[in-house]
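Scroll down for the structure; my scribbles are underneath it.
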Amino acid sequence: MAYPFQLGLQDASSPIMEELMNFHDHTLMIVFLISSLVLYIITLMLTTKLTHTSTMDAQEVETIWTILPAVILILIALPSLRILYMMDEINNPALTVKTMGHQWYWSYEYTDYEDLCFDSYMIPTSDLKPGELRLLEVDNRVVLPMELPIRMLISSEDVLHSWAVPSLGLKTDAIPGRLNQATISSNRPGLFYGQCSEICGSNHSFMPIVLEMVPLKIFEDWSMSMI
(Lines give C-alpha, C1' and ligand atoms only; values in the text may rest on other atoms or scores of the structure.)
Protein backbone atom coordinates (compact mmCIF):
# COMPACT_ATOMS: atom_id res chain seq x y z
CA MET A 1 0.00 0.00 0.00
CA ALA A 2 1.41 3.39 -0.97
CA TYR A 3 1.71 6.18 1.60
CA PRO A 4 1.53 9.98 1.17
CA PHE A 5 4.51 11.62 -0.57
CA GLN A 6 6.03 8.23 -1.41
CA LEU A 7 8.80 8.62 -4.01
CA GLY A 8 9.85 5.01 -4.52
CA LEU A 9 8.08 1.79 -5.37
CA GLN A 10 5.78 -0.06 -2.98
CA ASP A 11 7.30 -2.83 -0.87
CA ALA A 12 7.62 -6.02 -2.88
CA SER A 13 5.26 -8.83 -1.88
CA SER A 14 6.05 -11.30 -4.66
CA PRO A 15 9.20 -12.77 -6.25
CA ILE A 16 8.42 -10.98 -9.53
CA MET A 17 8.18 -7.59 -7.83
CA GLU A 18 11.47 -8.22 -6.02
CA GLU A 19 13.15 -8.89 -9.37
CA LEU A 20 11.56 -5.77 -10.87
CA MET A 21 12.84 -3.61 -8.00
CA ASN A 22 16.35 -5.05 -8.37
CA PHE A 23 16.26 -4.32 -12.10
CA HIS A 24 15.02 -0.78 -11.39
CA ASP A 25 17.96 -0.14 -9.04
CA HIS A 26 20.40 -1.72 -11.53
CA THR A 27 19.20 0.46 -14.41
CA LEU A 28 18.97 3.60 -12.26
CA MET A 29 22.62 3.23 -11.27
CA ILE A 30 23.67 2.97 -14.93
CA VAL A 31 21.65 6.09 -15.77
CA PHE A 32 23.16 7.90 -12.79
CA LEU A 33 26.73 7.08 -13.87
CA ILE A 34 26.10 8.16 -17.47
CA SER A 35 24.46 11.41 -16.34
CA SER A 36 27.36 12.14 -13.99
CA LEU A 37 29.93 11.56 -16.74
CA VAL A 38 28.08 13.79 -19.21
CA LEU A 39 27.66 16.54 -16.61
CA TYR A 40 31.37 16.33 -15.75
CA ILE A 41 32.38 16.65 -19.42
CA ILE A 42 30.02 19.59 -19.98
CA THR A 43 31.44 21.30 -16.88
CA LEU A 44 35.00 20.86 -18.17
CA MET A 45 34.07 22.28 -21.56
CA LEU A 46 32.52 25.35 -19.97
CA THR A 47 35.25 26.04 -17.40
CA THR A 48 38.50 25.46 -19.34
CA LYS A 49 40.00 27.14 -22.38
CA LEU A 50 42.17 24.18 -23.31
CA THR A 51 41.20 22.34 -26.49
CA HIS A 52 42.55 19.12 -27.93
CA THR A 53 41.76 19.08 -31.62
CA SER A 54 43.79 15.97 -32.29
CA THR A 55 41.89 13.97 -29.65
CA MET A 56 38.50 14.59 -31.27
CA ASP A 57 39.68 12.95 -34.49
CA ALA A 58 41.38 9.96 -32.90
CA GLN A 59 40.29 6.52 -34.03
CA GLU A 60 40.57 5.18 -30.48
CA VAL A 61 38.00 7.65 -29.13
CA GLU A 62 35.48 6.78 -31.84
CA THR A 63 35.95 3.08 -31.11
CA ILE A 64 35.35 3.60 -27.39
CA TRP A 65 32.18 5.67 -27.77
CA THR A 66 30.78 3.10 -30.21
CA ILE A 67 31.52 -0.03 -28.16
CA LEU A 68 30.73 1.38 -24.70
CA PRO A 69 27.03 2.19 -25.40
CA ALA A 70 26.60 -1.29 -26.91
CA VAL A 71 27.99 -2.89 -23.75
CA ILE A 72 25.70 -0.75 -21.58
CA LEU A 73 22.65 -1.77 -23.63
CA ILE A 74 23.56 -5.45 -23.22
CA LEU A 75 23.89 -4.99 -19.44
CA ILE A 76 20.33 -3.59 -19.42
CA ALA A 77 18.76 -5.96 -21.96
CA LEU A 78 19.86 -9.31 -20.48
CA PRO A 79 18.25 -8.93 -17.02
CA SER A 80 15.22 -7.29 -18.64
CA LEU A 81 14.60 -10.29 -20.92
CA ARG A 82 15.09 -12.66 -17.99
CA ILE A 83 12.35 -10.93 -15.99
CA LEU A 84 10.02 -10.83 -19.00
CA TYR A 85 10.23 -14.62 -19.34
CA MET A 86 9.73 -15.04 -15.58
CA MET A 87 6.55 -12.95 -15.75
CA ASP A 88 5.18 -14.75 -18.80
CA GLU A 89 5.86 -18.41 -18.09
CA ILE A 90 3.75 -20.39 -15.62
CA ASN A 91 3.74 -24.18 -15.30
CA ASN A 92 1.06 -26.14 -13.44
CA PRO A 93 -0.76 -23.27 -11.70
CA ALA A 94 -2.47 -24.24 -8.45
CA LEU A 95 -5.49 -22.09 -9.26
CA THR A 96 -6.93 -20.20 -12.24
CA VAL A 97 -9.04 -17.07 -11.86
CA LYS A 98 -10.69 -15.23 -14.74
CA THR A 99 -11.38 -11.51 -14.38
CA MET A 100 -13.49 -9.41 -16.74
CA GLY A 101 -13.44 -5.63 -16.86
CA HIS A 102 -16.75 -3.77 -17.14
CA GLN A 103 -17.74 -0.12 -17.04
CA TRP A 104 -17.01 0.31 -14.19
CA TYR A 105 -16.42 -2.76 -12.04
CA TRP A 106 -14.61 -6.10 -12.15
CA SER A 107 -16.13 -9.57 -12.23
CA TYR A 108 -14.23 -12.68 -11.13
CA GLU A 109 -14.68 -16.38 -11.85
CA TYR A 110 -12.77 -19.20 -10.16
CA THR A 111 -12.64 -21.62 -13.07
CA ASP A 112 -11.58 -24.59 -10.92
CA TYR A 113 -14.88 -24.36 -9.04
CA GLU A 114 -18.31 -24.90 -10.52
CA ASP A 115 -20.27 -21.87 -9.28
CA LEU A 116 -17.74 -19.56 -7.66
CA CYS A 117 -18.05 -16.16 -9.34
CA PHE A 118 -18.97 -12.64 -8.23
CA ASP A 119 -18.81 -8.96 -9.14
CA SER A 120 -16.57 -6.53 -7.29
CA TYR A 121 -17.80 -2.93 -6.94
CA MET A 122 -16.17 -0.02 -5.17
CA ILE A 123 -17.77 0.84 -1.82
CA PRO A 124 -19.18 4.42 -1.90
CA THR A 125 -17.57 6.89 0.49
CA SER A 126 -20.80 7.24 2.49
CA ASP A 127 -20.84 3.47 3.20
CA LEU A 128 -17.23 3.10 4.36
CA LYS A 129 -16.57 1.70 7.82
CA PRO A 130 -13.87 3.12 10.14
CA GLY A 131 -10.43 2.13 8.88
CA GLU A 132 -11.49 1.38 5.30
CA LEU A 133 -9.75 3.22 2.49
CA ARG A 134 -11.64 5.68 0.32
CA LEU A 135 -11.79 4.79 -3.41
CA LEU A 136 -9.95 1.51 -2.75
CA GLU A 137 -12.35 -0.74 -0.82
CA VAL A 138 -14.65 -3.16 -2.64
CA ASP A 139 -17.71 -5.13 -1.58
CA ASN A 140 -16.24 -8.49 -2.68
CA ARG A 141 -12.52 -9.07 -2.29
CA VAL A 142 -10.58 -11.59 -4.36
CA VAL A 143 -9.42 -14.20 -1.85
CA LEU A 144 -6.40 -16.23 -3.00
CA PRO A 145 -3.97 -18.66 -1.34
CA MET A 146 -0.49 -17.36 -0.62
CA GLU A 147 2.80 -19.02 -1.64
CA LEU A 148 1.17 -20.79 -4.60
CA PRO A 149 1.41 -19.99 -8.33
CA ILE A 150 -1.93 -18.60 -9.53
CA ARG A 151 -2.89 -17.93 -13.13
CA MET A 152 -5.02 -14.83 -13.73
CA LEU A 153 -6.84 -14.66 -17.07
CA ILE A 154 -7.81 -11.08 -17.91
CA SER A 155 -10.19 -9.73 -20.52
CA SER A 156 -12.87 -7.08 -20.97
CA GLU A 157 -16.55 -6.93 -21.89
CA ASP A 158 -16.65 -3.41 -23.33
CA VAL A 159 -13.61 -1.09 -23.52
CA LEU A 160 -9.92 -1.26 -22.64
CA HIS A 161 -9.14 -1.72 -18.95
CA SER A 162 -5.93 -2.56 -17.11
CA TRP A 163 -5.74 -4.89 -14.11
CA ALA A 164 -2.90 -3.66 -11.89
CA VAL A 165 -1.64 -4.46 -8.38
CA PRO A 166 1.67 -2.59 -7.88
CA SER A 167 3.00 -4.39 -4.79
CA LEU A 168 2.74 -7.75 -6.61
CA GLY A 169 4.30 -6.45 -9.83
CA LEU A 170 1.10 -6.96 -11.84
CA LYS A 171 -0.21 -4.82 -14.68
CA THR A 172 -2.02 -6.49 -17.56
CA ASP A 173 -4.34 -4.92 -20.14
CA ALA A 174 -7.93 -6.15 -20.33
CA ILE A 175 -8.80 -6.09 -24.04
CA PRO A 176 -12.21 -7.02 -25.51
CA GLY A 177 -11.96 -10.26 -27.48
CA ARG A 178 -8.49 -11.09 -26.15
CA LEU A 179 -7.48 -13.22 -23.16
CA ASN A 180 -4.30 -12.06 -21.45
CA GLN A 181 -2.48 -13.93 -18.72
CA ALA A 182 -0.70 -12.87 -15.54
CA THR A 183 1.02 -14.84 -12.78
CA ILE A 184 0.28 -14.16 -9.11
CA SER A 185 2.40 -15.41 -6.24
CA SER A 186 2.56 -13.74 -2.84
CA ASN A 187 5.22 -14.30 -0.20
CA ARG A 188 3.05 -13.17 2.67
CA PRO A 189 -0.61 -12.81 3.67
CA GLY A 190 -2.37 -9.48 3.61
CA LEU A 191 -4.48 -7.06 1.60
CA PHE A 192 -3.09 -5.78 -1.69
CA TYR A 193 -4.74 -2.85 -3.42
CA GLY A 194 -4.76 -1.83 -7.06
CA GLN A 195 -6.83 0.12 -9.56
CA CYS A 196 -7.70 0.13 -13.23
CA SER A 197 -4.68 1.69 -14.94
CA GLU A 198 -6.33 2.46 -18.28
CA ILE A 199 -8.43 5.53 -19.03
CA CYS A 200 -11.64 3.59 -19.68
CA GLY A 201 -14.26 6.31 -19.24
CA SER A 202 -15.69 8.84 -16.84
CA ASN A 203 -15.62 6.44 -13.86
CA HIS A 204 -12.16 5.11 -14.65
CA SER A 205 -10.83 5.99 -11.19
CA PHE A 206 -13.62 4.03 -9.45
CA MET A 207 -12.52 0.50 -10.39
CA PRO A 208 -10.39 -0.63 -7.42
CA ILE A 209 -8.90 -4.10 -7.04
CA VAL A 210 -8.44 -5.77 -3.65
CA LEU A 211 -6.61 -9.08 -3.29
CA GLU A 212 -6.75 -10.87 0.05
CA MET A 213 -3.90 -13.37 0.26
CA VAL A 214 -4.48 -15.98 2.97
CA PRO A 215 -3.06 -19.38 3.99
CA LEU A 216 -4.36 -22.34 1.98
CA LYS A 217 -6.55 -23.68 4.81
CA ILE A 218 -8.37 -20.37 5.18
CA PHE A 219 -8.84 -20.15 1.40
CA GLU A 220 -10.38 -23.63 1.31
CA ASP A 221 -12.82 -22.69 4.08
CA TRP A 222 -13.76 -19.48 2.25
CA SER A 223 -14.27 -21.23 -1.09
CA MET A 224 -16.54 -23.86 0.48
CA SER A 225 -18.63 -21.15 2.13
CA MET A 226 -19.02 -19.32 -1.20
CA ILE A 227 -20.19 -22.33 -3.22
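The values are calculated or read from the model by the stated rules, or taken from the named source; none is laboratory data. Quick caveat, the model's predicted, so the values are computed rather than measured. Cβ: placed from backbone, ideal geometry, glycine included. Neighbour counts: every protein chain shown. Heavy atoms of the whole protein, side chains included, go into the accessibility calculation; ligands, DNA and RNA do not. Shrake-Rupley method; radii C 1.70, N 1.55, O 1.52, S 1.80 Å.
Odds and ends about this structure:
- Modelled spin labels at Leu7 and Ser223, positioned 7 Å past Cα toward Cβ, are 4.4 nm from each other.
- Surface composition of the chain: carbon and sulfur make up 62 percent of the accessible area, probe 1.4 Å.
- Calculated [θ] (222 nm, deg cm²/dmol) that DSSP helices of n ≥ 4 give over the chain, each run adding -39,500 (n - 2.57): -12000 deg cm²/dmol
- Between 0 and 90°, nearest 10: helix 15-47 axis offset from the chain longest Cα axis: 30
- Cα centroid separation - the stretch 1-53 against the stretch 84-135, whole Å: 35
- Length gained on full extension, Arg82 to His24, computed as 0.36 nm times the residue gap minus the Cα-Cα distance: 19.5 nm.
- The stretch 69-121: C-alpha gyration tensor shape, a/c 1.5 cut-off, then a/b vs b/c: oblate
- Other residues within the sphere of radius under 12 Å centred on the Cβ of Gly101, judged by their own Cβ, net out at -3 (K and R +1, D and E -1).
- Applying both filters, DSSP loop and at most 16 other Cβ atoms within 10 Å, to the trypsin sites (Lys or Arg not before Pro) of the stretch 11-111 gives Lys49.
- Note that the chain presents 63 Å² accessible area per residue, ligands and nucleic acids not counted, probe 1.4 Å.
- Accessible area of Arg134 in the full protein assembly, 1.4 Å probe (Å², nearest 10): 150
- Modelled FRET efficiency - R0 45 Å, Glu62 with Lys171, Cβ distances, 0.05 increments: 0.65
- Residue among Glu109, Glu62, Glu212 with the largest mean-square fluctuation in a Gaussian network model of the chain, springs linking Cα atoms under 10 Å: Glu62
- Extending 7 Å from Cα along the Cβ direction at Glu114 and again at Tyr40 yields two label points whose distance is 7.1 nm.
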